[in-house]
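Worksheet: one structure, shown below.
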Amino acid sequence: MVSRFPHRVGDDVDEPVAEACRRKNQDHWRRRRLLQRQLHDGAALRISALTLRLGLLEHRAAPDGHAVQGCIGELQDELHAVLEELRDVAAKIYPPLLDEAGLGPALREVAAALQAPVTVVASEERFGPAAEGAAYFATMQCLAAQPAEAQSMKVVVRREDDTLMLSVSGIAACHAELMDEARPLGGTVEVITESPPGASTVIARIPCE
Amino acid sequence: MRVALAEDGALFREGLLMLLRAAGHQVVCSAADGDELVALLTTEPADVAILDIRMPPEPDGGLITAERLRAAHPDLGLLFLSHYAESHYLMRILEIGTESIGYRLKEKVGSVEVLTDTLNRIGNGEIVIEPVLAKRLVERTRGDKKDVVAALSDREQEVLRLMAEGRSNNGIAGQLYITPKAVEKHIANIFVKLGLHIDTAAHHRRVLAVLTYLRSQRDQG
């Protein structure tokens, strides 16, 4: 496997070290995905089951237990709030929608949450947890950094052999955001156009499964 | 009501079983995955099947199971339960069917009243959409649509949110303590303001029109 570390100058890159670094970063993404699944299958499911048991308790307290019923309703609302916080944490570790449905649906959700005018062009193809995780968080940071008045941005995700090609255009360049996520996996980033301001295209290529 | 249930989390499945029985429903079968449920339902009639979206067969067995069930038993209502309320899954669910179908968060069906109301609405042919998700769809409109939605009166925005939950005119009237006639008037005003021209009497078409309106811009960018 050819290492592509654009920040290194010259040809003295120690190949085994670069490869080890890349593998370590891939493991890092797999662990993040695993942690997210553990949250879902463990804590979250237990809390959801608890809301059902509280509902049963509420039912048994009827008909003269109005005070108890009110309390139980409040506890259930509180558990919903706890689960919302867990969802928030899970999304920051590894978004469940990215895990389950891939970059297209996950990035469209990001655009909707930011209420930003973004077109996402992506097939249903999958690229493995590392490349998808890196592409997702890079794009999210890039879009979040754009000014509020940004117009018609476009994100394209495509496979080029064993590489995930991510292109973000119509933006004020966010080279650094893409670089930070792509580089540890042996990826490269290039800025295609830089003018006029706010109309840049940045392309990242990340080795994938 | 005769209910069939498929959920791979034993703790949640047992809890739901107990709550369904307490609510007076008959649980005709309960399974840990979709394939098992499909097999059980070939001999056991049911009114509504409750399906976990994320269960075997992986990755989203609930959706695959639902497609098979809808083909085999067109009158069987379908209620999807999930840990996540995602518009991506809502659209996939509405591709499976637009009548007698529902999508709710797992922790939001934890009372006899809510569970029974959800099942009854699905049994009556309605679309039931998690209020948390409906609210998010209404709040996250963009561009021109944001301005249009913002220009609705407070009461009209409430009605729009309840329409996005799939509620019928009577359901909306009951929630807002107003008459069904008043609801009809609000809905007519909303449709004029949104520029939607559709037969508002056909319930599922109306819900779809509202959801499509709220969603459309995110796919066009």
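Only a single criterion out of (1) modelled with pLDDT of 95 or more; (2) under 29 Å from A:ALA113 (Cβ atoms) is not satisfied by B:GLU58, namely (1).
Any residue in the stretch B:44-65 that is in contact (Cβ under 8 Å) with a residue 60 or more places away in the chain and more than 13 Å from chain A (Cβ to nearest Cβ)?
Step one: list which residues in the stretch B:44-65 are in contact (Cβ under 8 Å) with a residue 60 or more places away in the chain, which gives B:47-48.
Restricting the remaining residues to those that are more than 13 Å from chain A (Cβ to nearest Cβ) gives B:47-48.
Yes, some residue in the stretch B:44-65 is in contact (Cβ under 8 Å) with a residue 60 or more places away in the chain and more than 13 Å from chain A (Cβ to nearest Cβ).
Name the single residue that is surrounded by the fewest Cβ atoms within 10 Å (Cβ to Cβ) among those in the stretch B:1-53 being more than 27 Å from B:GLU86 (Cα to Cα) and basic (Lys, Arg). Among those that are more than 27 Å from B:GLU86 (Cα to Cα) and basic (Lys, Arg), it is B:ARG21.
Figure legend. Inter-residue proximity from the stretch B:145-167: first residues not assigned by TED's automatic domain parsing to the domain that holds B:GLY123, second residues among the charged types (D, E, K, R), beta-carbon distance below 6 Å, spacing 6+ or different chains. Indicated pairs: B:ARG161/B:LYS135; B:GLY166/B:GLU126.
Among the residues of the stretch B:50-77, those identified as under 21 Å from A:PRO96 (Cα atoms) and charged (D, E, K, R) are B:ASP52, B:ARG54, B:GLU58, B:ASP60.
Of the residues making up the stretch B:1-23, those that are more than 10 Å from every other protein chain (Cβ to nearest Cβ) and under 19 Å from B:GLY110 (Cβ atoms) are B:MET1, B:VAL3, B:LEU5, B:ALA6. Consider A:LEU54 carefully, then state whether it is at the interface with chain B (Cβ under 10 Å from one of its Cβ atoms), touching a helix residue (DSSP H, G or I) at 6+ places or on another chain (Cβ under 7 Å), modelled with pLDDT of 95 or more and in a helix (DSSP H, G or I). Against the criterion (at the interface with chain B (Cβ under 10 Å from one of its Cβ atoms), touching a helix residue (DSSP H, G or I) at 6+ places or on another chain (Cβ under 7 Å), modelled with pLDDT of 95 or more and in a helix (DSSP H, G or I)), A:LEU54 qualifies. One residue alone among A:ARG37, A:ARG31 is closer than 22 Å to B:PRO59 by Cβ and either at the interface with chain B (Cβ under 10 Å from one of its Cβ atoms) or at pLDDT below 95 (or both), and that residue is A:ARG37.
Applying a threshold of 8 Å to beta carbon distances and a minimum spacing of six or more residues, or different chains, the list of pairs starting in the stretch A:116-138 at a residue that is more than 12 Å from chain B (Cβ to nearest Cβ) and ending at one that is in a strand (DSSP E or B) and among the small types (Gly, Ala, Ser) reads A:ALA135/A:ALA204; A:ALA138/A:ALA204.
Suppose we filter A:GLU181, A:GLU177, A:GLU160 for residues that are surrounded by fewer than 16 Cβ atoms within 10 Å (Cβ to Cβ) and of a type in the set (D, E, K, R); which single one remains? I'd like the intermediate steps shown before the answer.
Values: A:GLU181 fails: surrounded by fewer than 16 Cβ atoms within 10 Å (Cβ to Cβ); A:GLU177 fails: surrounded by fewer than 16 Cβ atoms within 10 Å (Cβ to Cβ).
Only one candidate passes the filter, namely A:GLU160.
The criterion of at least 2 residues that are farther than 29 Å from B:LEU41 by Cβ and within 13 Å of chain A (Cβ to nearest Cβ) is met by none of the strands (runs of 3 or more DSSP E) falling completely within the stretch B:74-157. Scanning the stretch B:17-26 for residues that are free of Cβ contacts under 8 Å to residues at least 40 places away in the same chain and part of a helix (DSSP H, G or I) turns up B:LEU17, B:MET18, B:ARG21. Of all residues in the stretch A:88-115, those being without any contact (Cβ under 8 Å) to a residue 12 or more places away in the chain, surrounded by fewer than 20 Cβ atoms within 10 Å (Cβ to Cβ) and within 11 Å of chain B (Cβ to nearest Cβ) number 4.
The values are calculated or read from the model by the stated rules, or taken from the named source; none is laboratory data. Since the structure is predicted, the reported quantities are computational estimates derived from the model, not experimental observations. Reconstructed Cβ throughout: ideal geometry from the backbone, glycine too, with neighbour counts over all protein chains shown.
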